[in-house]
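The block underneath contains the structure these notes are about, expressed in structure tokens.
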Amino acid sequence: MQTSFTLAQLADPDTAESEKILRACVHCGFCTATCPTYVLLGDELDSPRGRIYLVKEMLEQGRAATATEAKHIDRCLSCLSCMTTCPSGVHYMHLVDHARAHIAETFTRPADERWLRRLLAFVMPRTGLFRLAMMGAALAKTLGGARWLPGKLGNALKLVPGFPKGPSKTDRPQVFPAQGPRRGRVALLAGCVQPVLRPEINAAAIRLLNRLGVEVVVPEGAGCCGALGHHMGFTDQSHRLARNNIAAWQKAGEIDAILVTASGCGTTVKDYGYMLRTEADVREAAAQVSAKTRDITEYLAMLGVSGSVPKLKVAYHSACSMQHGQKISEPPRALLKSAGFDVAEIPEGHLCCGSAGTYNLLQPELSAQLRDRKAANIASTAPDLVATGNIGCLQQLSSAIDVPIVHTVELLDWANGGPMPAELSALRTA
């Protein structure tokens, strides 16, 4: 793609990087076939190619974003399926992140939308505050709040799974020693939303790693990875949270890897080196963190995990952040098979389930269409249960399917001697 940025514009490192990305695009349109919003809407501006044209024009002209750019960029899930499909290697993720930051800086949204975004960005990264918010939301839901709250707030209440569980002892900063001879030492990202919604995920990861001879450190000061704010264009917040995590992991001592059990978070942490590349005081440490970060299944595949469980058919839902963002495809499937599960492939597995961080809160109609489409594809495999590696997908699908859905690491922990996930108690295991 031909561009016409001025030298002054290219002096800005974000614009210079976006210009390189734009020039890599050859207009082939392969991305349209795998873009969830284009599949649903059939609008060129709701495809990666169309959005690329919008971003190019906006940045080249050096102008503020308009409602048109905001509308179509907001509809992008950042599922990154287009990056898997693109034959030219267009790094759409960095381009759309730049566009979102520009929109957040230059476009004034309607007041209700503006305050909802700020509310989500303030509450969700703070685990304690998010737990309180979920308690209030669950109470409001029981009182019928989904009927009387306006617009997107009412829709958001429909997604509340119930009253949250109390804090887990595994979320507190501490060291979990290895059992037997030590094979490794890792830091585990506790996260922000996941400890409130499903604290048993990190607990299962810690138990399994300890049994495999791995010492696990939950460092003091590490928390939200920054993805939630980053994908709304709030880069100051995301960079601050990234810096906090980097500092915490540096204080954790010698570690072999930084493990993440939510693939959406893992995609962001693996991108810290890029995100902070212009910040001289931290860019080297950020690059080191990115290089050490692994999804939990990547690390377990290196260790080797086997087990024995009742024969169950598992539909494996590969989160977009896993298969497209981190390019991890085979390890989760291979681990589940080695543990004794019968793994079923879900049709249209490349298409997003519609969760995408805060997308199901900000774009509820499109999100619901994608959720229902995914649920129908899952049902077609007639599974006993569903496994996934991302908390957002897990919560998005839990109310739309008729079988239990659990995190992959919970199943691996169970197969390796841990407790059976509570969600599976209703299954016949004989």
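The values are calculated or read from the model by the stated rules, or taken from the named source; none is laboratory data. Keep in mind it's a predicted model, so treat the numbers as computed, not measured. Positions of Cβ are generated from backbone atoms using ideal geometry, with glycine treated the same way; all protein chains shown enter the neighbour counts. These accessible areas exclude ligands, DNA and RNA; they are computed on the full protein's heavy atoms, side chains included. Shrake-Rupley method; radii C 1.70, N 1.55, O 1.52, S 1.80 Å.
Please find, among I258, I246, the residue that is out of contact with any Cys (no Cβ under 6 Å at 6 or more places or on another chain), open to solvent by less than 40 Å² (accessible area, probe 1.4 Å) and not in a helix (DSSP H, G or I). Give the steps one after another, and end with the answer.
Values: I246 fails: not in a helix (DSSP H, G or I).
So the residue among I258, I246 that is out of contact with any Cys (no Cβ under 6 Å at 6 or more places or on another chain), open to solvent by less than 40 Å² (accessible area, probe 1.4 Å) and not in a helix (DSSP H, G or I) is I258.
Evaluating G42 against the criteria (1) open to solvent by 20 Å² or more (accessible area, probe 1.4 Å); (2) over 24 Å from the mean Cα position of the chain (by Cα); (3) in contact (Cβ under 8 Å) with a residue 60 or more places away in the chain leaves one unmet condition, (3). Residues in the stretch 281-310 that are small (G, A, S) and either modelled with pLDDT under 95 or under 22 Å from the mean Cα position of the chain (by Cα) (or both): A286, A287, S290, A291, A301, G304, S306, G307, S308.
From the set of residues in the stretch 288-298 that are of a type outside the set (D, E) and within 16 Å of C265 (Cα to Cα), which is most open to solvent (accessible area, probe 1.4 Å)? So that I can check it myself, show each step before the final result.
At the first step, the residues of the stretch 288-298 found to be of a type outside the set (D, E) are 288-294, 296-297.
Cutting the leftovers down to within 16 Å of C265 (Cα to Cα) gives us 289-294, 296-297.
Working: V289: 11, S290: 19, A291: 65, K292: 72, T293: 1, R294: 92, I296: 1, T297: 3 Å².
Across the stretch 288-298, the extreme among qualifying residues is R294.
Restricting attention to the stretch 151-197, the residues that are touching a residue at least 12 places away in the same chain (Cβ under 8 Å), open to solvent by 20 Å² or more (accessible area, probe 1.4 Å) and farther than 30 Å from E254 by Cβ add up to 13. The C-beta contact set for the stretch 317-331 (first residue within 8 Å of D295 (Cβ to Cβ), second residue small (G, A, S) and outside any helix (DSSP H, G or I), distance under 9 angstrom, 6+ apart or interchain) comprises M322/S329; M322/G389; I328/S318; I328/G389. Scanning the stretch 86-116 for residues that are open to solvent by 40 Å² or more (accessible area, probe 1.4 Å), hydroxyl-bearing (S, T, Y) and in contact (Cβ under 8 Å) with a residue 60 or more places away in the chain gives a single hit, S88. Quick check on the stretch 367-392: of everything there that is in contact with a Pro (Cβ under 8 Å, 6 or more places away or on another chain) and assigned to a helix (DSSP H, G or I), which residue is nearest to T267 (Cα to Cα)? Filtering the stretch 367-392 for residues that are in contact with a Pro (Cβ under 8 Å, 6 or more places away or on another chain) and assigned to a helix (DSSP H, G or I), the one nearest to T267 (Cα to Cα) comes out as L370. Residues in the stretch 379-396 include at least one that is open to solvent by 10 Å² or more (accessible area, probe 1.4 Å), more than 19 Å from L80 (Cβ to Cβ) and of a type in the set (V, I, T). Would you be able to tell me the number of residues in the stretch 54-64 that are under 26 Å from the mean Cα position of the chain (by Cα) and open to solvent by 10 Å² or more (accessible area, probe 1.4 Å)? Counting residues in the stretch 54-64 that are under 26 Å from the mean Cα position of the chain (by Cα) and open to solvent by 10 Å² or more (accessible area, probe 1.4 Å) gives 1. Among the residues of the stretch 171-181, those that are within 24 Å of L303 (Cα to Cα) and out of contact with any Pro (no Cβ under 7 Å at 6 or more places or on another chain) comprise Q174, V175, F176, P177, A178, Q179, G180, P181.
Taking the numbered list (1) under 20 Å from E279 (Cα atoms); (2) open to solvent by less than 20 Å² (accessible area, probe 1.4 Å); (3) part of a helix (DSSP H, G or I) in turn, A204 passes all entries but (1).
Taking P125, is it touching a Leu at 6+ places or on another chain (Cβ under 7 Å) and part of a loop (DSSP other than H, G, I, E, B)? Yes; evaluated as a whole, the condition is true for this residue.
Exactly one residue among M135, M124 is hydrophobic (A, V, I, L, M, F, W, C) and within 22 Å of the chain's Cα centre (by Cα), and that residue is M124.
Picking from A285, A252, A301, which residue would you name as being open to solvent by 10 Å² or more (accessible area, probe 1.4 Å), in a loop (DSSP other than H, G, I, E, B) and small (G, A, S)? Even if it seems obvious, please write down each step before you answer.
Working: A285 fails: in a loop (DSSP other than H, G, I, E, B); A301 fails: in a loop (DSSP other than H, G, I, E, B).
On inspection, the qualifying residue turns out to be A252.
Pairs linking a residue in the stretch 401-430 that is more than 12 Å from G307 (Cα to Cα) to a residue that is of a type in the set (F, W, Y) and part of a helix (DSSP H, G or I), with Cβ atoms under 6 Å and 6 or more positions apart or on different chains, are M420/W414. Kindly establish whether K313 is under 21 Å from the mean Cα position of the chain (by Cα), open to solvent by 40 Å² or more (accessible area, probe 1.4 Å) and in contact (Cβ under 8 Å) with a residue 12 or more places away in the chain. So K313 does not fit the description; no.
Scanning the stretch 393-415 for residues that are touching a helix residue (DSSP H, G or I) at 6+ places or on another chain (Cβ under 7 Å), under 21 Å from L361 (Cα atoms) and assigned to a helix (DSSP H, G or I) turns up Q395, Q396, L397. Any residue at all in the stretch 57-76 that's in contact (Cβ under 8 Å) with a residue 60 or more places away in the chain and not β-branched (V, I, T)? Yes - at least one qualifying residue is present in the stretch 57-76.
Checked against (1) under 18 Å from the mean Cα position of the chain (by Cα); (2) among the hydrophobic types (A, V, I, L, M, F, W, C); (3) within 15 Å of I201 (Cα to Cα), L424 passes all but condition (1).
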